[in-house]
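Engineer: Structure incoming, see below.
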There are 2 protein chains.
Amino acid sequence: MKGFGFRLAATDGRARTGIIDTPRGRIRTPAFMPVGTAGTVKAMLPDSVRATGADILLGNTYHLMLRPGAERVARLGGLHRFMNWERPILTDSGGFQVMSLAALRKLSEQGVRFSSHIDGSRHLLSPETSMEIQRLLGSDIVMAFDECPALPADRAAIEASMRLSMRWAARSRDAFGDRPGHALFGIQQGGLEPDLRAASAEALRAIGFDGYAIGGLAVGEGQAAMFGVLDYAPGMLPEDRPRYLMGVGKPDDIVGAVVRGIDMMDCVLPTRSGRTGQAFTRRGAVNLKNARHADDPRPLDEGCPCPACRGYSRAYLHHLIRAGEILGAMLLTWHNLQYYQDLMAGLRGAIAAGRLADFVAGFEAARAGGDIAPP
Amino acid sequence: MKGFGFRLAATDGRARTGIIDTPRGRIRTPAFMPVGTAGTVKAMLPDSVRATGADILLGNTYHLMLRPGAERVARLGGLHRFMNWERPILTDSGGFQVMSLAALRKLSEQGVRFSSHIDGSRHLLSPETSMEIQRLLGSDIVMAFDECPALPADRAAIEASMRLSMRWAARSRDAFGDRPGHALFGIQQGGLEPDLRAASAEALRAIGFDGYAIGGLAVGEGQAAMFGVLDYAPGMLPEDRPRYLMGVGKPDDIVGAVVRGIDMMDCVLPTRSGRTGQAFTRRGAVNLKNARHADDPRPLDEGCPCPACRGYSRAYLHHLIRAGEILGAMLLTWHNLQYYQDLMAGLRGAIAAGRLADFVAGFEAARAGGDIAPP
């Protein structure tokens, strides 16, 4: 773990703010990681992603192994050079997406054999192949290979899956080896069962990781159930290591997770929503497709510094989305990423100042007021 | 025409370089105008379009009148503010696209009644409505309303269409009136018939315009036939006014047109091609979809200053296009517009230096060598 480290700077209640140091730069926590699925944060240039305040991106092992292929990325100098993003990259293990996207999956103790959803080619993802692929990509933060069951599922299935994931976590640790400057994170599973979460955390701590993720949430259980787990699960993980909540979430999910002690998150929501006309603002979500915006000369959010809000009217954004123009996806993606990063910056500042409760109250009050009335 | 003017700075053979002055800024000629069909140069932010060296954009009356509607654009402050481009905009008259895109067209002396290809709504485009729509959009350079027949067509049809277009040109002039700082361009028609081109030019000169376009080319006649017309048609138009060749073209079309005395051009080719993986380079067209690029670490064009060439490999661009990623369209559109603007800058400099023949020889030699060999 040389060259990689985590420093807590301040706490407020269970919430934490700090810095993850990596050879490729610092990650301010709590951090939101934009998702660059196939080697690109969709509809964004890397410089623009950085301009929103992102310190780290997430890349998807499943997508990249299938196209363009991890060996090819390695020959081309690694994922950072390939996608022109020199700051840190976290890669997932492929475990989640192989179960949701691949065809003809066959799960065994060894791993998952599957067919590519792109061309039908046969592949194996296992702790060992996932570590090798993430090494070839040049990932800074590598995720252990796990299985993530969909919820609801019965307790026996959740437990069996968690036990398998813990055996895979140990194999991931062995296969990862010693890679100075690169970190390996373990992933807690256990569904909504406190004792399984505790057993999973204990297993991970026994193996020892550079950071710990909470997996198996945001898979259909609902916010209340997720917060229920987050009320206790972060506390089961080492305090001196980053805690990463995978695949979360909506802005209020993010705030609720940070309040409960989460340091890192990722989600496709700001980018995916940007391509379908949904914008996130201080006043809540705004659907730019709606005809109410067709004649509105005002910006989407008058307080936002992004190009969509500085240069354009809601009427124009509405027009772009209705006309299916790529610029609509570009501008709304940028705005949404800016909103998410500004939210993270606000959370970090509030925690550092010991004023998180005030910040959350303001966040909720602004949303409760709803969007501005039509002109 | 107050506030609008054209100054010739130098000539080389029939080729010309100069400046069109407008209240919204200078247009260096020969000029290539990127096409912003529906209020956006597809996949580009306006600042990026400007960064490639574009002095003026083209907007499409037909598209904008149907969506979002000219009255709406006017209420929102005009097309410049709507699309966040404060420099000059030329709008076409709608005449070309109503014949190629609209449904249920009915052509009469009055104009063209048609149904929107978007929602079936009924509209009339005529010299008077086209002038009004272009006024509402706030266009800096307004095009007279004309009919553009597809080629090949028989001489009688070409002549009848040209005569109609000349009557419409006179009505366009009357309807345009006196609008200081805004220019009205007439459009020469006449197909491939020298005497009809001459009659059209005479009719336009008698009416009097701020600039003169050559229409009815690049509609299927082939480059040799087009150059055949360009060998004489520009000389029929006033020397002291800009000459605009509509809808042209490929890089070699552009060079051939400039050599023959054309000052302005527009074409969807660099933007449309950018969305399908075709790039224009000094060495000719390159199809990034081709598997030969899959492992190529070199830039598309090592001499190009655009972000696609400065930041990325051919392998990455290939990956983006294969994966259908929006960033592929963004980067290749940027590159293509940069290539076109650099070509125009090269032509302007060569004309000013009296070295156009050398420039053209170099242009052709570089293309004759073809693309770089695979690594």
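Engineer: Along its principal axes, what span do the Cα atoms of region A:201-240 show, with the longest given first and each in whole Å?
Structural biologist: Per principal axis, max minus min of the Cα coordinates gives 30, 16, 14 Å.
Engineer: With 12 Å as the cut-off, how large is the P(r) tail for region B:77-140, expressed as percent of Cα-Cα pairs?
Structural biologist: That tail contains 69 percent of the Cα-Cα pairs.
Engineer: Considering only DSSP states other than H, G, I, E and B, which GluC sites (Glu not before Pro) in region A:94-165 qualify as loop sites with at most 10 other Cβ atoms within 10 Å? It would help to have the intermediate numbers written out before the result.
Structural biologist: Working: sites: A:Glu109, A:Glu128, A:Glu132, A:Glu147, A:Glu159; in loops: A:Glu109, A:Glu147.
Those that pass, being in a loop and sparsely packed, are A:Glu109.
Engineer: Select from A:Ala51, A:Ile118, A:Phe96 the residue farthest towards the positive end of the dipole of region A:1-132; place +1 on Cβ of Lys and Arg, -1 on Cβ of Asp and Glu, and compute about the Cα centre.
Structural biologist: The Cα lying farthest towards the positive end belongs to A:Ala51.
Engineer: Taking the Cα centre of region B:280-375 as origin, sum charge times position over the Cβ atoms of Lys and Arg (+1) and Asp and Glu (-1), and report the length of that vector in debye to the nearest 20.
Structural biologist: Roughly 60 debye for region B:280-375.
Engineer: Test of the criteria: in region B:213-316, which GluC sites (Glu not before Pro) are in a DSSP loop and have at most 12 other Cβ atoms within 10 angstrom of their Cβ?
Structural biologist: Passing both the DSSP loop test and the Cβ count: B:Glu239, B:Glu302.
Engineer: Moving to a separate point now. Please report the antiparallel percentage of the DSSP beta bridges confined to chain A, to the nearest 5.
Structural biologist: Close to 50 percent.
Engineer: Also: For region A:223-289, with the dipole built from +1 on Lys and Arg beta-carbon atoms and -1 on Asp and Glu ones, taken about the Cα centre, which of A:Gly277, A:Leu230, A:Pro251 lies farthest toward the positive end?
Structural biologist: Going by the charge dipole, the pick is A:Gly277.
Engineer: So, one more: What is the magnitude of the charge dipole of chain B about its Cα centre, with +1 placed on the Cβ of each Lys and Arg, -1 on the Cβ of each Asp and Glu, and no other charges, expressed in debye to the nearest 20?
Structural biologist: Using Cβ point charges on Lys, Arg, Asp and Glu, chain B gives about 700 debye.
Engineer: Another one. Given a Förster distance of 45 angstrom, what is the FRET efficiency for A:Arg105 paired with B:Arg72, based on the Cβ-Cβ distance and rounded to 0.05?
Structural biologist: That pair, A:Arg105 with B:Arg72, gives E of 0.35.
Engineer: As a check on your grasp of the helix formula, calculate [θ] at 222 nm for chain B: sum -39500 (n - 2.57) over DSSP H runs of n ≥ 4, divide by the residue count, round to the nearest 500.
Structural biologist: Values: 15 runs with 154 residues, N = 375.
For chain B, the value works out to -12000 deg cm²/dmol.
Engineer: Read phi for every residue in region A:113-122 and hand back ³J(HN,Hα) as whole Hz from Karplus 6.51 cos²θ - 1.76 cosθ + 1.60, θ = phi - 60°, with x for Gly and Pro.
Structural biologist: Result, ordered by residue: 8, 7, 10, 4, 6, 8, 9, x, 4, 8 Hz.
Engineer: Considering only region B:104-214, what is the antiparallel percent among its DSSP beta bridges, to the nearest 5?
Structural biologist: On the way: 6 of 13 bridges.
Of all bridge pairs located within region B:104-214, approximately 45 percent are antiparallel.
Engineer: Here's something else I'd like to know. From Cα coordinates alone, what are the radius of gyration and Dmax values for the protein assembly as shown in angstrom?
Structural biologist: Final numbers for Rg and Dmax: 29.8, 92 Å.
Engineer: Considering only the label points, 7 Å along Cα→Cβ from Cα, what distances in nm to one decimal separate B:Gly69 from the same position in each other copy, shortest first?
Structural biologist: Result, one decimal in nm: 5.4.
Engineer: A:Thr281's amide H: which non-local residues (gap 5+, or another chain) put their own amide H closer than 5 Å, with H modeled 1.01 Å from N in plane and none for Pro or chain starts?
Structural biologist: Under 5 Å from the amide H of A:Thr281: A:Val286.
Engineer: From the phi of every residue in region B:287-299, what ³J(HN,Hα) in whole Hz does the Karplus formula 6.51 cos²θ - 1.76 cosθ + 1.60 yield, where θ is phi - 60° and glycine or proline is x?
Structural biologist: Couplings: 9, 5, 5, 5, 4, 4, 8, 4, 10, 8, x, 7, x Hz.
Engineer: Also, I was wondering about something else. Mind telling me which of B:Asp178, B:Asp119, B:Asp266 comes out most flexible in a GNM of chain B, alpha-carbon contacts under 10 Å?
Structural biologist: B:Asp119
Engineer: Let me ask something else about it. Any idea what diffusion coefficient region B:272-339 gets from Stokes-Einstein, in µm²/s, Kirkwood Rh on alpha carbon pairs, 37 °C, 0.692 mPa s?
Structural biologist: Stokes-Einstein gives a translational diffusion coefficient of 293 µm²/s.
Engineer: Comparing A:Leu192, A:Leu320, A:Leu137, which has the greatest mean-square fluctuation in the GNM of chain A with Cα pairs linked when under 10 Å apart?
Structural biologist: A:Leu320
Engineer: Taking Cα atoms, how many degrees apart are the long axis of helix A:356-369 and the longest axis of chain A, rounded to 10 and kept between 0 and 90?
Structural biologist: That helix lies at roughly 50 degrees to the long axis.
Engineer: What does the net charge come to around A:Leu136 if you take all other residues with beta carbon closer than 10 Å to its beta carbon, with K and R at +1 and D and E at -1?
Structural biologist: Within the 10 Å Cβ shell, the charges total +1.
Engineer: Something else: Pop out the carbon and sulfur fraction of the accessible area of the protein assembly as shown as a percent, whole number, probe 1.4 Å.
Structural biologist: For the protein assembly as shown, the apolar C and S fraction of the accessible surface comes to 52 percent.
Engineer: For B:Ala103, go 7 angstrom from Cα along the Cα-to-Cβ vector, then report the distances to that same point in the other copies in nm, smallest first.
Structural biologist: The answer, with the shortest distance listed first, is 3.5 nm.
Engineer: Rounded to the nearest 5, what % of DSSP beta bridges with both residues in the protein assembly as shown are antiparallel?
Structural biologist: Of the beta bridges lying entirely in the protein assembly as shown, close to 50 percent run antiparallel.
Engineer: Something else now. Can you list the trypsin sites (Lys or Arg not before Pro) in region B:1-87 that are in a DSSP coil and have 13 or fewer other beta carbons within 10 angstrom?
Structural biologist: On the way: sites: B:Lys2, B:Arg7, B:Arg14, B:Arg16, B:Arg24, B:Arg26, B:Arg28, B:Lys42, B:Arg50, B:Arg72, B:Arg75, B:Arg81; in loops: B:Lys2, B:Arg14, B:Arg24, B:Lys42.
Listed in order of number, the matching sites are B:Lys2.
Engineer: Using a simple charge model, +1 on the beta-carbon of Lys and Arg, -1 on the beta-carbon of Asp and Glu, nothing else, what dipole does region B:94-167 show about its Cα centre, in debye to the nearest 20?
Structural biologist: Dipole magnitude for region B:94-167 comes out near 200 debye.
Engineer: Moving on to the next point. Please list, ordered by chain and number, the residues whose modelled amide H lies under 5 Å from the amide H of B:Phe145; skip anything fewer than 5 residues away on the same chain.
Structural biologist: Residues meeting the amide H criterion: B:Ser172.
Engineer: Using the Karplus curve 6.51 cos²θ - 1.76 cosθ + 1.60 with θ = phi - 60°, work out ³J(HN,Hα) for each residue of region A:259-265 in order, rounded to whole Hz, and write x for Gly and Pro.
Structural biologist: Karplus values, whole Hz, x for Gly and Pro: 4, 8, x, 8, 9, 9, 8.
Engineer: Provide an ascending nm list, one decimal, of label-point separations from B:Arg292 to the equivalent residue in each further copy; define each label point as 7 Å from Cα along Cα→Cβ.
Structural biologist: List, nearest first: 5.5 nm.
Engineer: Looking at chain B as a GNM with Cα springs under 10 Å, which of B:Ala160, B:Ala350, B:Ala198 has the largest mean-square fluctuation?
Structural biologist: Result: B:Ala160 has the largest fluctuation of those listed.
Engineer: Determine the alpha carbon to alpha carbon distance for each of A:Lys289/B:Lys250; A:Lys42/B:Lys106; B:Lys42/B:Lys106 and list only those over 32 Å.
Structural biologist: Where the Cα-Cα span goes over 32 Å, the pairs concerned are A:Lys289/B:Lys250; A:Lys42/B:Lys106.
Engineer: When chain A is turned about an axis onto chain B, which of its residues keeps its C-beta closest to that axis, and how many Å is it?
Structural biologist: A:Ile326, 3
Engineer: OK, next. Chains B and A: how much accessible area gets covered up at their contact, both sides added, probe 1.4 Å, in Å² to the nearest hundred?
Structural biologist: Its buried surface, counting both partners, is about 3000 Å².
Engineer: Let me have the relative contact order for region A:110-186, percent, based on Cα pairs under 8 Å that are six or more residues apart.
Structural biologist: 33
Engineer: How big is chain A along each principal axis, measuring the range of its Cα positions in Å and listing the largest first?
Structural biologist: Here the spans come out as 60, 47, 42 Å, largest first.
Engineer: Please work through the protein assembly as shown and write down the cysteines that have no neighbouring cysteine Cβ at a distance under 4.7 Å.
Structural biologist: A:Cys148, A:Cys267, A:Cys306, B:Cys148, B:Cys267, B:Cys306, each lacking another Cys Cβ under 4.7 Å.
The values are calculated or read from the model by the stated rules, or taken from the named source; none is laboratory data. Source: prediction; values computed, not measured. Cβ sites come from the backbone with ideal geometry, for glycine too, and all protein chains shown count toward neighbours. With ligands, DNA and RNA removed, areas are computed over all heavy atoms of the protein, side chains included. Shrake-Rupley method; radii C 1.70, N 1.55, O 1.52, S 1.80 Å.
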